[in-house]
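Below you'll find the structure, written out as structure tokens, and then a few comments.
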């Protein structure tokens, strides 16, 4: 009978893989490197993740859950019109990518590293971007601008630029610039973004 892995083994492997994949890229990191860094046996790792593809998919799936939790926490209790909620969503995104150890979006990094996006990891990455874009589209549609498709495209382009700029030297100002640009676009579309002091007490 195979021995049962110790409690927390899967999370420890994922923690180790996440750090290595994020810092060095998926292609550059081998399974033996993860085994050594995690301090687990080869059999243990392959019992939890039968292949590197499975491990990368696990890493991206957990990254997606973390992202969703961060955005949900930042926007919890936010009320108001679509302009206000869109502004808060962009600010939450800017705060997330503004962390000191930010080295780029793990989903965009993966898609840039590999041409084939049909495997499990690629599907998770593309689903994350698709669903994120859908959130913008929904909020923009509520604003009812003259050209919702154009406004959504412009905001999405700012978000894409934010992820790229924040990962490079000198990117510290990217967050404020992105938030300001989106605020200007919303204002030009005829909507007003309420400030934090405009929000009613919760």
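The values are calculated or read from the model by the stated rules, or taken from the named source; none is laboratory data. Everything numeric here is computed off the predicted structure, so don't read it as measured data. Note: ideal-geometry Cβ built from the backbone for every residue, glycine included; neighbour counts use all protein chains shown.
Take residue 126 and decide whether it is within 19 Å of residue 62 (Cα to Cα), in a loop (DSSP other than H, G, I, E, B) and modelled with pLDDT of 90 or more.
No, not satisfied.
Selection of segment 165-181 for residues being surrounded by 15 or more Cβ atoms within 10 Å (Cβ to Cβ), out of contact with any helix residue (DSSP H, G or I) (no Cβ under 6 Å at 6 or more places or on another chain) and in a helix (DSSP H, G or I) yields only 177. Each residue in segment 76-101 was checked for being loosely packed, with under 15 Cβ neighbours inside 10 Å and under 25 Å from residue 20 (Cα atoms), and 4 of them qualify. The number of residues in segment 122-153 being surrounded by fewer than 18 Cβ atoms within 10 Å (Cβ to Cβ) and either out of contact with any helix residue (DSSP H, G or I) (no Cβ under 6 Å at 6 or more places or on another chain) or under 28 Å from residue 55 (Cα atoms) (or both) comes to 16.
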